[in-house]
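Remarks on the structure that follows.
The values are calculated or read from the model by the stated rules, or taken from the named source; none is laboratory data. Since we're looking at a predicted model, the values are computed, not measured. Backbone-built Cβ (ideal geometry, glycine too); neighbour counts: all protein chains shown.
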Amino acid sequence: MIVDSRPEYINFDRNGKEIPPSIPASPALPYMVRLPAQAEHAIQNVDTRPFHAFRIEYKTLCRTP
């Protein structure tokens, strides 16, 4: 995931339990992080700025020719 706008937010799992953030609160932007596949979740933005990121998902491993 490449994050280029990271406001304060709260991340919840499907049962409403808070999930600790995987991205630091004040990273130097843009920030790139490799995350495992995520289960169903919801994010509550508690800031005035939007969250903006690019998520790149690989369906299969990339192999070199």
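Data table
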| quantity | calculated |
| --- | --- |
| Which listed residue, of ALA39, ALA25, is over 11 Å from the mean Cα position of the chain (by Cα) and within 23 Å of TYR58 (Cβ to Cβ) | ALA39 |
| In the stretch 12-26, the residues that are closer than 17 Å to PHE54 by Cα and in contact with a strand residue (DSSP E or B) (Cβ under 7 Å, 6 or more places away or on another chain) | PRO21, ILE23 |
| Which listed residue, of GLU57, GLU18, GLU40, is at pLDDT 90 or above, exposed (fewer than 10 other Cβ atoms within 10 Å of the Cβ) and of a type in the set (Asp, Glu) | GLU40 |
